[in-house]
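J.: Quick one: the structure is below, questions incoming.
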Amino acid sequence: MKNLLVAQSGGPSAAINATLCGVVEKGLADKNIDKVYGAQNGIIGILADRIVELNTMLSDPQALQLLCQTPSSALGSCRMKLSHWEENTYEFEKIISVFRKYNIGYFIYIGGNDSMDTVHKLAEYCKLHKINDICVMGAPKTIDNDLMETDHCPGFGSAAKYIATTFSEIACDCNVYALPAVTIVEVMGRDAGWLTASSVLGRTNGDGAPDLIYLCEKPFSVSSFLEDVRDKLAEKHAVIVAVSEGIKSETGEYITDCLQDRTTDAFGHKILAGAARYLEEIVRQEIGCKVRSVELNLMQRCASHVASGADIYESRLLGMAAADYAISGGTGKMAAIKRTSSKPYQFEIDFVEIEKIANQVKTVPLEWINQEGNDVEQELVDYLLPLIQGELPCTYQNGVPVHFRLDLVK
């Protein structure tokens with residue numbers, strides 16, 4: 001009888017623990033699994049042998065439910081890039097030795113694009129070295145919604161719901177004043193504008209915001225932006241703008257590159273911020289009206305108080321499916337969502353070869369962005385709406401939400 005190991009990686013979300021919950025549920029229920037283990041802080045935790053047994057910790061259904069309501073990564077996370085085995089075999093040998101120590105036959109890694117790179121390398125290493133008794137599977141997670149081969153990603157629906165809610169509330173704030181004013185809201189999105197696009201859902205119940213939406217998929221022109229803002233100010237006194245943090249000029253450079261040298265993360269990605277502040281100064285100088293910038297930053301990732309019920313449900317199912325597939329002998333794949341119908345919304349779970357996903361980015365289709373590049377089309381609204389439906393029960397204590405913590409579980 002083999003054991004199952006699960007770990008979380010990359011940026012946190014409101015749904016990643018629901019996927020963890022699904023993996024653990026399947027492991028606890030399957031007669032072929034003896035113990036379910038968790039690695040603290042992702043692949044780094046495996047390399048450091050920081051492995052915890054989850055059987056007792058999560059055997060209570062109430063604990064599992066609280067885990068689903070808890071944002072961020074209960075096991076901890078990391079942003080480590082595995083070397084290629086041709087360059088450095090030590091990391092892979094160490095990982096396999098830890099797997100052997102705990103009799104791990106099934107490993108589920110929950111994460112985004114860079115995490116699937118880890119799944120790909122590890123699965124290929126096992127294949128190359130004829131390690132046939134360890135199955136490695138990916139379970140998707142990213143609020144950026146940029147994984148290939150899946151209709152959408154766990155965590156995105158909840159982040160989209162938060163962004164839509166926030167823009168609706170910003171509109172309530174800004175619209176009370178009679179003086180002309182511009183509010184520029186920066187939303188996460190380096191190379192894919194899905195999150196910024198979800199701001200359009202703030203208009204769903206009659207609010208006008210945002211008035212302008214700029215995604216990183218289309219070149220950004222400062223002069224066109226100023227013209228758009230002036231046109232909107234001629235129509236109304238409060239103009240609200242949604243802008244991706246990764247908007248680029250017509251030459252392909254981030255518009256904030258001129259401000260300072262950008263450091264990079266472990267995967268070589270530029271660390272971005274400041275697009276809204278940059279545009280704030282331009283509007284102040286060129287138009288002269290009251291203007292402010294807002295950077296949603298971390299808040300859009302873990303806002304579990306407005307989590308999407310559909311997102312949490314699907315995330316839990318994907319965790320169960322990934323674990324079930326691995327226990328059945330599947331390896332080197334990622335559990336994915338395949339939309340089978342939009343009206344009514346229906347989906348099924350598919351399993352995709354990991355090499356089709358790792359190190360690739362799914363962007364917003366250009367045909368879903370208007371020709372002017374300052375708004376989105378109805379097709380995108382139709383795609384987004386099912387993903388934010390439903391609300392998750394939230395357990396409160398002392399007036400604030402209660403969160404699951406491993407160190408608090410006896």
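The values are calculated or read from the model by the stated rules, or taken from the named source; none is laboratory data. Fair warning: this is a prediction, and the values are worked out from it, not measured in the lab. Virtual Cβ from ideal backbone geometry, glycine too; neighbours counted across all protein chains shown.
J.: Looking at (1) in contact with a helix residue (DSSP H, G or I) (Cβ under 9 Å, 6 or more places away or on another chain); (2) of a type in the set (A, V, I, L, M, F, W, C); (3) not assigned by TED's automatic domain parsing to the domain that holds THR118, which is the one condition that is false for ALA275?
T.: So ALA275 meets the others, but not (1).
J.: Looking at the structure I just gave you, is SER308 under 30 Å from LYS232 (Cβ atoms), in contact (Cβ under 8 Å) with a residue 24 or more places away in the chain, crowded, with 17+ Cβ neighbours inside 10 Å and of a type outside the set (Lys, Arg)?
T.: For SER308, the condition - under 30 Å from LYS232 (Cβ atoms), in contact (Cβ under 8 Å) with a residue 24 or more places away in the chain, crowded, with 17+ Cβ neighbours inside 10 Å and of a type outside the set (Lys, Arg) - is met.
J.: Looking for whichever is in the same structural domain as VAL294 (by TED's automatic domain parsing), within 24 Å of the chain's Cα centre (by Cα) and touching a residue at least 12 places away in the same chain (Cβ under 8 Å) here; the options are ALA242, ALA171, ALA181. Which one fits?
T.: ALA242
J.: Scan the stretch 32-53 for residues that are in a loop (DSSP other than H, G, I, E, B) and either under 16 Å from ASN103 (Cβ atoms) or in contact with an Asp or Glu (Cβ under 6 Å, 6 or more places away or on another chain) (or both) and jot them down.
T.: ASN32, ASP49
J.: Same structure again: Would you say ASN145 is in a loop (DSSP other than H, G, I, E, B) and buried (at least 24 other Cβ atoms within 10 Å of the Cβ)?
T.: yes
J.: Okay, moving on. Given the structure, is ALA197 of a type outside the set (Lys, Arg), at negative phi and part of a helix (DSSP H, G or I)?
T.: For ALA197, the condition - of a type outside the set (Lys, Arg), at negative phi and part of a helix (DSSP H, G or I) - is met.
J.: Within the stretch 312-362, count every residue that is of a type outside the set (S, T, N, Q) and over 17 Å from the mean Cα position of the chain (by Cα).
T.: Residues that pass the stated criteria total 27.
J.: Moving on. Working only within the stretch 319-343, note down all residues that are part of a loop (DSSP other than H, G, I, E, B) and at pLDDT below 95.
T.: Result: LYS343, single match.
J.: When the residues of the stretch 53-74 are narrowed to those that are out of contact with any helix residue (DSSP H, G or I) (no Cβ under 7 Å at 6 or more places or on another chain) and hydrophobic (A, V, I, L, M, F, W, C), which ends up nearest to VAL402 (Cα to Cα)?
T.: LEU66
J.: Moving on. Looking only at residues that are touching a residue at least 40 places away in the same chain (Cβ under 8 Å) and farther than 22 Å from THR363 by Cα in the stretch 200-221, which one is surrounded by the fewest Cβ atoms within 10 Å (Cβ to Cβ)?
T.: THR204
J.: Of the conditions (1) of a type in the set (S, T, N, Q); (2) assigned by TED's automatic domain parsing to the domain that holds GLY10; (3) without any contact (Cβ under 8 Å) to a residue 60 or more places away in the chain, GLN371 fails just one. Which one is it?
T.: Looking at each condition in turn, GLN371 falls short on (2).
J.: Part of a loop (DSSP other than H, G, I, E, B) and either free of Cβ contacts under 8 Å to residues at least 24 places away in the same chain or not hydrophobic (A, V, I, L, M, F, W, C) (or both) - does that describe any residue in the stretch 90-104?
T.: Looking through the stretch 90-104, at least one residue is part of a loop (DSSP other than H, G, I, E, B) and either free of Cβ contacts under 8 Å to residues at least 24 places away in the same chain or not hydrophobic (A, V, I, L, M, F, W, C) (or both).
J.: Which count do you get for residues in the stretch 325-338 that are exposed (fewer than 15 other Cβ atoms within 10 Å of the Cβ), farther than 19 Å from TYR125 by Cβ and touching a residue at least 24 places away in the same chain (Cβ under 8 Å)?
T.: Count: 1.
J.: Select from the stretch 334-363 the residues that are among the charged types (D, E, K, R) and either in contact with a helix residue (DSSP H, G or I) (Cβ under 6 Å, 6 or more places away or on another chain) or more than 20 Å from GLU25 (Cβ to Cβ) (or both) and list them in ascending order.
T.: LYS338, ARG339, LYS343, ASP350, GLU353, GLU355, LYS356, LYS362
J.: Name the residues in the stretch 181-194 that are crowded, with 24+ Cβ neighbours inside 10 Å and either acidic (Asp, Glu) or in a helix (DSSP H, G or I) (or both), would you?
T.: Within the stretch 181-194, GLU186, TRP194 qualify.
J.: Another one. Conditions: (1) aliphatic (A, V, I, L, M); (2) in the same structural domain as ALA336 (by TED's automatic domain parsing); (3) more than 13 Å from the chain's Cα centre (by Cα). ALA139 meets all but one. Number of the miss?
T.: (3) is the only condition that ALA139 fails.
J.: Could we say that HIS120 is modelled with pLDDT under 95 and of a type outside the set (Phe, Trp, Tyr) here?
T.: No.
J.: Scan (1) surrounded by fewer than 18 Cβ atoms within 10 Å (Cβ to Cβ); (2) touching a helix residue (DSSP H, G or I) at 6+ places or on another chain (Cβ under 9 Å) for the single condition PHE156 breaks and write down its number.
T.: With (1) surrounded by fewer than 18 Cβ atoms within 10 Å (Cβ to Cβ); (2) touching a helix residue (DSSP H, G or I) at 6+ places or on another chain (Cβ under 9 Å) applied to PHE156, the lone miss is (1).
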